[in-house]
Amino acid sequence: MTSMQRLCVLGSTGSIGVNTLDVVSRNSGIEVFALTAHHNYQLMCQQCLAFKPKYAVMADEPTAKLLQEQLNTHDCKTQVLFGPQALCDVASASEVDVVMAAIVGAAGLAPTLAAVEQGKKILLANKEALVMSGRLFIEKVKQHNAILLPIDSEHNAIFQALPLDAHTPCYTKTLTEQGVSKILLTGSGGPFLTRALDTLADVTVEEAVSHPNWSMGQKISVDSATMMNKGLEFIEAKWMFNCQADDIEVIIHPQSIIHSMVQYQDGSVIAQMGNPDMRTPIAHALAFPNRIDAGVAPLDFSKLAQFSFCKPDFARYPNLKLAIDACADGQAATTTLNAANEVSVAAFLAKKIRFTDIYTINAAVLSALVCTEPNTLEEIMAIDFAARQSAEQLIARGLN
């Protein structure tokens, strides 16, 4: 690192946030300016004591007061704020150079856009920002000369496998102009890759959140089990890399060693490989175009038993097919699908619906979509709100 970077972590107590701070602790040249979290004030307190940020932001006033009380007992000078506006304020603060956008779901969109509008370096772990508002988001990145770097392991792998000059200014070149024929987006297939299809309705929450390779939050783990996570990544890749749905192919790779690949017109395929650890893409983006210590052990190829690949089975992963089709249909469809999925996954985690009902709800809400393509953030949020209402009503009626 050649100069001090001041960092704001949106979602510091989630898995991406925790891994980000682990990488920061291993390297000089990164100063933590602000940390934000939802309600986990105990972990936030530990992070404030360790990294001494100027600001800590919690979701609401009661949680902020609990955090402030704990920090006061340690004579910690971190100023505690709360609420959506405070998130936007710290993300867009003039002191901030880099923003790790790691708040899961639609809640992360506004502060991430606030950072974009101030021309920050954005490390994008919140895929919903592009799923919900891809065209608007990318237009703002270009307008404000922000730097956009992907944190999802798959998109970071694609980023590393593309030509270096493709990255700036924000992927204005098409894949064809870069000599690329296809983006190959890999996915593990989740915990139910070989489970009998007629037993998927019986999947428990505990089974669904148990990923075979990755350690993730509950919502993302369920999305991985349904492969909606890969569907959202498919949509994100379309916007991130200036391509179309037909330019992207999903490949099942159960070992999660190859994180994604880029296939070139001359027949070459460039793959990015590494142990399944989110600290690798985090370290890559924090230091880009340099490299720093991520704390991740290198691959030992002598111990890798096999690499296997197959096409996804849409009967097993109907949510993936929904997302691919929505990507081709447009922004209104992807915004709707993302909102419905957040509601349906939350209902499954609360044990209100079955695992297979997640698809049923998502498909029903999407099929009822009647709206024009959104052109403003307000129109996007209106579509998001309507989709959530529709999904909640379906759940309340027992899916009838």
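Numerical summary
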| quantity | calculated |
| --- | --- |
| Some residue of the stretch 293-307 being open to solvent by less than 30 Å² (accessible area, probe 1.4 Å) and over 21 Å from Ala161 (Cβ atoms) | yes |
| Yes/no for Lys142 being of a type in the set (D, E, K, R), buried (at least 18 other Cβ atoms within 10 Å of the Cβ) and in contact (Cβ under 8 Å) with a residue 24 or more places away in the chain | no |
| Candidates Ile252, Ile235, Ile270, Ile258, filtered to the one that is among the aliphatic types (A, V, I, L, M) and either farther than 24 Å from Gln160 by Cβ or buried (at least 21 other Cβ atoms within 10 Å of the Cβ) (or both) | Ile235 |
| Matching residues, the stretch 30-47, being farther than 17 Å from Val99 by Cα, open to solvent by less than 10 Å² (accessible area, probe 1.4 Å) and either within 24 Å of the chain's Cα centre (by Cα) or free of Cβ contacts under 8 Å to residues at least 12 places away in the same chain (or both) | Met44 |
| The stretch 55-79, residues that are closer than 18 Å to Leu7 by Cα and under 26 Å from the mean Cα position of the chain (by Cα) | Tyr55, Ala56, Val57, Met58 |
| Pairs where the first residue, in the stretch 295-309, is in contact (Cβ under 8 Å) with a residue 12 or more places away in the chain and the second is open to solvent by 100 Å² or more (accessible area, probe 1.4 Å), C-beta under 6 Å, 6+ apart | Gly295/Arg26 |
| Positions within the stretch 52-77 being touching a Ser or Thr at 6+ places or on another chain (Cβ under 8 Å) and either of a type in the set (A, V, I, L, M, F, W, C) or within 16 Å of Val18 (Cβ to Cβ) (or both), in sequence order | Pro53, Ala56, Val57, Met58, Leu71 |
| Lone qualifier among Asp246, Asp202 - being closer than 30 Å to Lys142 by Cβ and open to solvent by 40 Å² or more (accessible area, probe 1.4 Å) | Asp246 |
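Condition check ((1) closer than 19 Å to Phe385 by Cα; (2) at pLDDT below 95; (3) open to solvent by 20 Å² or more (accessible area, probe 1.4 Å)) across all residues:
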| residue | (1), (2), (3) |
| --- | --- |
| Gln79 | no, no, yes |
| Ala86 | no, no, no |
| Val96 | no, no, no |
| Ala101 | no, no, no |
| Ala110 | yes, yes, yes |
| Ala114 | no, no, no |
| Gly119 | no, no, yes |
| Lys127 | yes, yes, no |
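The values are calculated or read from the model by the stated rules, or taken from the named source; none is laboratory data. It should be emphasised that the depicted structure is a prediction, and the values quoted were computed from it without experimental measurement. Positions of Cβ are generated from backbone atoms using ideal geometry, with glycine treated the same way; all protein chains shown enter the neighbour counts. We work out accessible area using only protein heavy atoms, side chains counted, and drop any ligands, DNA or RNA first. Shrake-Rupley method; radii C 1.70, N 1.55, O 1.52, S 1.80 Å.
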